[in-house]
Amino acid sequence: MSDKRTIDVAATPMLDRAKEIGFLTTFDRAKAQEPRCTFGNTGICCRICLQGPCRILPKKPGGNKGICGAMDYTIVARNIVRYIAGGSAAHSDHGRHIAETVLHVAEGKLKDYQITDAVKLIAVAKKIGVETEGRDVLAVAKDVATAALDEFGRVNEDEITWLTANSNESTLDVLRKTNIMPSGINLSLAQLLHQTHAGNDADPVNIIFGGLKAALCDYDGMALATDLSDILFGTGVPVVTEANLGAIKADKVNIALHGHNPLLSQMVVKAAKEMQGEAKTAGAAGINLVGICCTGNEVLTREGVAIATNFATQELAILTGAMDAMVVDVQCIMPSLRSLAECYHTKIITTMPIMKIPGSYHLAFDEHRALDSAKEIIRLAIDAYKVRDTEKVCIPDVRNTVVAGFTLESLLNIFKKINADAPIRVLTDAIEAGEIKGVALFAGCNNLKGTHDENHFTIATELAKNDVFIVATGCAAQAFGKEGLLNGDGVQKYAGEGLKKFIARLNAAAGLTAELPLIFHMGSCVDNSRAQDLANMMAKEMGLDNRDVPYVASAPEAMSEKAVAIGSWNVALGNPVHVGVVAPTVGSTLVNDVVTKVAEDVFGGFFFWETDPVKAATRLVDILEERNWKNAMRKKANQAREEAN
């Protein structure tokens with residue numbers, strides 16, 4: 001049974017264990033922050049110059065503006081778009097790192113990496129206009145990687161490549177007319193930070209449009225990161241594994257792969273296969289890898305590595321007493337991991353130059369000796385295993401089967417077995433026939449302003465009950481894995497009759513060893529681009545603009561700047577977006593109305609904030625039904641016109 005802190009039954013005993021040893025977890029620290037600052041929560045605290053911080057006090061003469069005279073709407077708009085800048089920088093820098101590695105592979109500079117998916121390489125090359133006919137794979141890879149790197153440094157007015165190559169023309173027309181089509185990623189981010197510097201732009205709408213331009217760079221960086229990661233490591237296919245803390249094994253050397261960049265984690269997976277004997281020599285039954293956050297999702301998608309837990313409960317993996325090493329790269333890594341590791345034998349190993357934790361081991365990742373670096377890490381974990389205190393080991397016997405690896409390609413491969421000529425019609429026909437209502441993307445983080453994982457679970461099961469086809473990424477997907485929604489049992493427990501029939505039809509065609517899940521795991525945070533590609537295909541097949549497609553997105557426990565960026569480009573590309581926490585825009589009625597109401601008129605997409613998961617699910621279903629009704633009315637009107645002519 002869950003408690004008010006979390007619905008995860010494996011997390012509850014670990015939180016109790018933390019209390020026993022006197023360690024304050026992120027749950028305790030979140031509670032200690034209460035009551036949170038109203039000014040910060042609503043977005044009306046300005047800290048972009050040293051005269052402040054300024055807080056907006058509407059009823060106080062002189063306090064109703066900042067010292068410089070900035071109104072609430074200026075302050076709120078500046079604050080929210082700076083979140084977008086941070087998130088876009090994180091995702092796009094991830095993509096840049098992958099692109100550099102692909103380039104170095106193509107140039108023959110790296111011995112441990114190779115082009116694994118040449119078919120995907122050729123598809124991407126054709127999509128972005130790189131010549132492929134009669135050319136060597138490495139020559140094509142070099143041009144694709146160069147094109148990706150050009151996205152960052154471009155300073156002319158050429159449009160960014162991955163966004164334009166993936167999007168439908170009607171969507172691009174809106175982006176051009178609103179003047180938010182980016183050229184270079186770095187240029188757009190620098191311009192936004194300049195735009196929001198003290199003494200610059202005070203127009204909230206103009207500031208928001210600058211933010212949307214940066215958000216579209218986030219999409220672009222994510223899309224190229226996904227494509228190039230698939231090219232480098234392989235495009236995922238359906239795999240069967242497990243999720244939750246029970247995936248940690250008491251008799252093995254346990255290594256957690258945590259963060260967001262797959263470059264090193266893929267090497268650790270490779271090295272672990274070669275080093276099982278060394279672990280056995282040390283007295284272990286072997287090496288066991290588990291994933292946390294999106295590095296975990298990357299190796300889950302491609303290698304079937306089990307998921308231990310998601311963002312908010314990353315500390316609990318160490319509290320099992322059986323985690324020998326936690327290897328971290330970038331993003332969503334709690335600094336508290338190191339202080340908790342002091343209570344155990346666990347080694348925290350940082351690997352990237354921009355992410356270090358005082359007191360942890362730092363083994364600098366070197367792409368030129370990537371496999372050797374991975375082996376050094378594993379040997380540290382084996383050494384830690386040798387001094388593990390078995391009396392401290394307490395692993396909750398909780399795990400659920402996970403069927404994952406549903407890249408867009410693997411999903412379409414299943415659809416092809418039903419309709420070889422037009423695979424996406426398998427999905428759109430089911431929508432037009434009323435069997436399912438549409439598609440919902442679940443993305444993002446954990447946020448302890450509510451009960452851990454509860455919003456994810458409740459909204460998803462409510463949508464499933466209402467016959468919505470669900471795809472998921474990031475920590476949302478991991479929440480579903482832990483709660484048993486990424487397997488066939490979830491379909492029987494929670495799906496409505498229409499969704500059950502649809503998934504049963506897919507099951508009959510798929511021919512997999514395990515039944516298809518209730519929710520389709522599409523990968524890591526950067527892989528939200530896969531979900532948008534699905535929406536784009538739906539729009540094209542249905543003859544609709546993206547703004548009319550029965551497709552919605554939800555970030556039930558949004559937390560990071562990356563989540564703000566993801567939500568913002570979804571809105572700009574026509575998708576309604578639910579956020580399960582109240583965003584720091586409510587301090588300005590004007591700005592809040594722009595992002596929740598006016599945005600729909602301009603882009604078709606819009607935000608809505610709803611902390612009650614049942615109400616949120618109801619609104620999402622209503623949006624899908626409204627879009628379907630409008631599409632049906634348009635279709636009838638068109639038929640009537642044709643008959644009249």
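What the table below lists for this structure:
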| quantity | calculated |
| --- | --- |
| Those chymotrypsin sites (Phe, Trp or Tyr not before Pro) in region 581-620 that DSSP places in a loop and that have at most 16 other beta carbons within 10 Å | none |
| Solvent-free Debye scattering, log10 I(q)/I(0), computed from the Cα coordinates of the chain at q = 0.05 Å⁻¹ | -0.22 |
| Kirkwood Rh and Cα Rg combined as Rg/Rh, region 245-392 | 0.92 |
| Amide H contacts under 5 Å for N466, placed H, 5+ residues apart | G496 |
| Spatially proximal lysines relative to K437 (Cα-Cα < 25 Å; intrachain offsets below 8 disregarded) | K416, K417, K465, K493, K500, K501, K540, K597, K615, K630, K635, K636 |
| Which of W629, W569, W162 has the fewest Cβ neighbours within 10 Å, and the rest in rising order | W629, W162, W569 |
| Difference of contour (0.36 nm per residue) and Cα-Cα distance, A282 to N638 | 120.9 nm |
| Hz values of 3J(HN,Hα) by residue in region 397-407 - Karplus curve (6.51, -1.76, 1.60), Gly and Pro given as x | 7, 10, 7, 10, 5, 10, 10, 9, x, 8, 5 |
| Average Cα contact separation per residue, the chain, under 8 Å, 6 or more apart, as relative contact order % | 16 percent |
| Equivalent-ellipsoid semi-axes of region 38-122, from the Cα gyration tensor, Å, largest first | 49, 12, 8 |
| Kirkwood hydrodynamic radius (C-alpha pairs) into Stokes-Einstein, region 357-402, 37 °C and 0.692 mPa s, D in µm²/s | 240 µm²/s |
| P(r) histogram, all alpha-carbon pairs of region 72-233 included - 5 Å bins from 0, percent | 1, 10, 18, 19, 17, 13, 9, 6, 4, 2, 1, 0 |
| 20 °C / 1.002 mPa s Stokes-Einstein diffusion coefficient of region 517-645, Kirkwood radius on C-alpha pairs, µm²/s | 135 µm²/s |
| For region 1-84: Kirkwood Rh in Å [reciprocal of mean 1/r, alpha carbons] | 15.7 Å |
| Span per principal axis, largest first, for the Cα atoms of region 96-156 (Å) | 33, 26, 15 |
| Helix-only mean residue ellipticity at 222 nm for the chain, each DSSP H run of n ≥ 4 adding -39500 (n - 2.57), per residue, nearest 500 | -16000 deg cm²/dmol |
| Whole-Hz ³J(HN,Hα) from phi, Karplus 6.51 cos²θ - 1.76 cosθ + 1.60, for region 28-35, glycine and proline x | 5, 5, 5, 5, 5, 7, 7, x |
| L24 long-range amide H proximity, modeled H, under 5 Å | none |
| Region 401-644, Rg to Rh (Cα coordinates; Rh as Kirkwood inverse mean 1/r) | 0.96 |
| Length-normalised contact order of region 401-644 in % [C-alpha pairs under 8 Å, at least 6 apart] | 23 percent |
| Amide H contacts under 5 Å for V239, placed H, 5+ residues apart | A404, G405 |
| Estimated dipole of the chain in Debye, rounded to 20 [Cβ of Lys and Arg +1, of Asp and Glu -1, Cα centre] | 1080 debye |
| Derived scalar couplings ³J(HN,Hα) [region 436-449; Karplus, 6.51 cos²θ - 1.76 cosθ + 1.60; whole Hz; x for Gly, Pro] | 10, 8, x, 10, 10, 9, 10, 9, x, 9, 10, 9, 7, 5 |
| Fewest-first sequence of V9, V621, V119 by Cβ atoms within 10 Å of each Cβ | V119, V9, V621 |
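Quick note: the coordinates plus some simple rules give every number you see, no bench work behind them. A quick note: this is a predicted structure, and the numbers were derived from the prediction, not measured. Because the Cβ atoms are built from the backbone with ideal geometry, glycine has one as well, and the counts that use them run over all protein chains shown.
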